[in-house]
Amino acid sequence: MVDMIDKEASGDKGADEAIQTTHEASGRVRIPKLGEILLTIPLPGVPQLWRGDYLIGSLLLFLTAAGYMMCSVTGMFFHAIAFVDISISRTGRFIKNQKLRMFVYRASFAGGFLAMWELSAWEIGPKQWLCVDPFWFGSPLRVMSYMVEITLSGSVFVDTWTTMYEAFLGYILGAALGIALGFILARLETLAEILDPFIVAVNGIPRVAMAPILIIWFGIGVESKIVLAVSLVLFLTFMNTYSGLRGVDPNLKNLAQVMGANEMQVLWKVTLPAAMPWILTGLKIGVPFAIIGAILGEFMAASKGLGFMIQHTSNLFNIAGSFAGLILLMFIVLIANTAVNWLERYLLRWRPKQQAAGEGGATEVY
Amino acid sequence: MPPILSIKNLHKEFFSRGNRVIAVDDMSLEIEDGEFITIVGPSGCGKSTLLNCIIGLVHPTSGTITYKDKKLHGINTDIGYVPQSDYLYAWRTLINNVAFPLEMRGVDQKTRHEKARELIQRVGLAGFEDHYPHELSGGMRQRANIIRTLIYDPEVILMDEPFGPLDAQTRIILQDQLLKLWREARKTVIFITHDLVEAIALADRVVVMTSRPGKLRSVTEVDIPRPRDVFTIHSKEEFRQTYDQLWQELREEVQRSEDWMKNGSAS
Ligand SMILES: Nc1ncnc2c1ncn2[C@@H]1O[C@H](COP(=O)(O)OP(=O)(O)OP(=O)(O)O)[C@@H](O)[C@H]1O
Ligand SMILES: [Mg+2]
């Protein structure tokens, strides 16, 4: 790396000398071209990614992106930004179905983004057309061809299945343990008070730091990843269940007893539904963490799984391969989130709409 | 016949934040089967605490409560309780809230819904059976709160300002309905209210409590013949007399309670 920078610096010096000599030879003051000026700006650290000769390209890319956003929508160049939003909604108005219209907008946004990415990575002549070197950034087509490749070889199924299996099992086990522990400690108040600082302390340990030990204990197979996922999900669901149960208005429980409910009935018909919003919040936050646990374990030591695949491909500078792994992960999280959201919407159908929306918004932050 | 409920020397203190608060002090009262008792008294004098002791949610510091000659321990499910604020279950629809006590007793869904629907109809909530509590108005919730206790037919019904949050018209209509229900079922009712007119209109006996600590100040029989018409009762001569007498007592207590608060805040 030091080598490269040195070489580059010396190259720049060479260019300077060349300018000087031409200047002296012709005897006239020569105004350097814009590109030459830009080339003299030192860019520490960046040269590998954005080399000087890409700089003009990146400017062009920016202008094209801005132009693209406006012209593809309004059919005119350089429309004032304030009109863009209005024009987008005007343009789409011929689609009557509101949901379909939104879908078309989103599809064109995604399509536009991918097209830009792809175009900028095309090679025309010796240089890339715009500025993005696919060696560093891949390109949609490369990602797709890699996807096809691993689909044909079958490894994508093994990796995706492994990660899903680890995350799912970790999630279910962690959630079950966490909820059960929450219920038990909510009942045993003294024990809960004794254990409180220890629980907080143990939960404070970063799981990345625990990973090496867990791998020694549980091996490099799926077990260590499941345990990692469990350790993350367990605390989240436990904390939420516990505080949810403790927060249930005692009047609600007392009144149920007055109306003839026995202890089991109070638990199932009053305490549980009253604490349900909190329990579900824990379950929702737990989803991405289950996957984080699995991936973390795979980064440490594994022979299969999406985390392994991402690390393996990036070690080989196969950026497209890593992107393929990221995209698969993205879809797994999306599907899992959707499932949990469905569960929540069903179980909390009694809640006022606004309240549910507010809670949902808060839980997305993790 | 022995009294259905008898309260003897009931005393309840609370300790909170280093302070000792006497909520109910040396209270004795006997309540006959089928009687309608109303309790009035200044705010904070211990009326709700008294009901909580009777139902078994609060353990008295000293004194006893006997129900049908048995000393009470813990919650007595023969006694129904309409709390001061409605604790409807937010995750249950109106009909399932009303049917909750029957569900707890293992009554099958068809029967309990039938019964709930009938009561819902009677208090004018028909059509809202499948609404959740947050979709009902305060008055509607309060009505649901009341019929939820009526549905399982407890021997004694305790009501803590059940018509408190209602407007005057709804209030008087519900008073009328309550009297009709009571006449049919002949339950024993203990009814707390701030409204002296309501207290006299409904009661066989009106209990006045002193300001804190809550003692029994007086018990007054109401000699207005039944069936009573709550819409016109306030123009009756007997009503006038009782009202004037009780109002005098209550005013003294409220005055004392206010003085107490002033002195309390000054010190
Ligand atoms: N759980 C408790 N802990 C501590 N103090 C309490 C508790 N419950 C009631 N008190 C105190 O006991 C006193 C009587 O309260 P209570 O609720 O019985 O009054 P109330 O007569 O029902 O008043 P209101 O008419 O305003 O409902 C109050 O001073 C209150 O502060
Ligand atoms: Mg009260």
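In table form, for the structure just shown:
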read-out	value
Rounded to the nearest 20 debye, dipole of region B:122-267 from Cβ charges on Lys, Arg, Asp, Glu	160 debye
DSSP beta bridges in chain B [antiparallel fraction, %, rounded to 5]	55 percent
Under-5 Å amide H pairs with B:Ile157, H placed in peptide plane, nonlocal only	B:Gly80, B:Thr188, B:Val189, B:Ile190
Cα long-axis angle, helix B:168-185 against chain B (0 to 90 degrees, to the nearest 10)	80 degrees
Which of B:Met27, A:Met147, A:Met102 is most accessible, then next, and so on - probe 1.4 Å	A:Met102, A:Met147, B:Met27
Accessible surface ranking that places the most exposed of A:Phe62, A:Phe183 first, with a 1.4 angstrom probe	A:Phe62, A:Phe183
Sulfur and carbon atoms: percent of accessible area, region B:86-153 [1.4 Å]	46 percent
Förster-model FRET efficiency, 45 Å R0, A:Ala66 and A:Ile335, C-beta, rounded to 0.05	0.85
Among A:Ser120, A:Gly174, A:Ser153 the positive-end extreme of the charge dipole of region A:88-207 (Cβ point charges)	A:Ser120
Positive-pole candidate from A:Ala256, A:Ser224, A:Val208, dipole of region A:149-364, charges at beta carbon	A:Ala256
Point-to-point label distance, A:Leu100-B:Val254, nm (Cα→Cβ direction, 7 Å offset)	6.7 nm
From the C-alpha gyration tensor of region A:149-364, square roots of 5λ in Å	38, 20, 13
Where labels lie 7 Å past Cα in the beta-carbon direction, separation of A:Leu326 and B:Asp229 in nm	8.3 nm
Test item: Cα-centred dipole of region B:86-153, Lys/Arg +1 and Asp/Glu -1 on Cβ, debye	120 debye
Spin-label model distance (nm) - B:Ile75 vs A:Glu189, 7 Å beyond Cα toward Cβ	1.6 nm
Between B and A, accessible area buried - total, square angstrom, nearest 100, 1.4 angstrom probe	1900 Å²
Amide N of region B:166-205 lying under 16 Å from the label point, which is placed 7 angstrom from the Cα of B:Ser43 along Cα→Cβ	B:166, B:193-196
Linear extension gain, B:Ser137 paired with B:Arg240, 0.36 nm per residue minus alpha-carbon span	33.6 nm
Size of electric dipole in chain B: Cβ of Lys, Arg +1 and of Asp, Glu -1, about Cα centre, debye, nearest 20	580 debye
Volume per residue of the C-alpha convex hull in region B:86-153, rounded to whole Å³	75 Å³
Length released on extending from B:Met261 to B:Asp153, taking residue separation times 0.36 nm less the Cα-Cα span	34.8 nm
Protein-only accessible surface order, largest first, of A:Asp159, B:Asp33 at 1.4 Å	B:Asp33, A:Asp159
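The values are calculated or read from the model by the stated rules, or taken from the named source; none is laboratory data. Not measured: the values here are computed from a predicted model. Ideal geometry is used to build each Cβ from the backbone, glycine not excepted, and the neighbour counts take in all protein chains shown. Quick note on the areas: whole protein, heavy atoms, side chains included, nothing else; ligands and nucleic acids left out. Shrake-Rupley method; radii C 1.70, N 1.55, O 1.52, S 1.80 Å.
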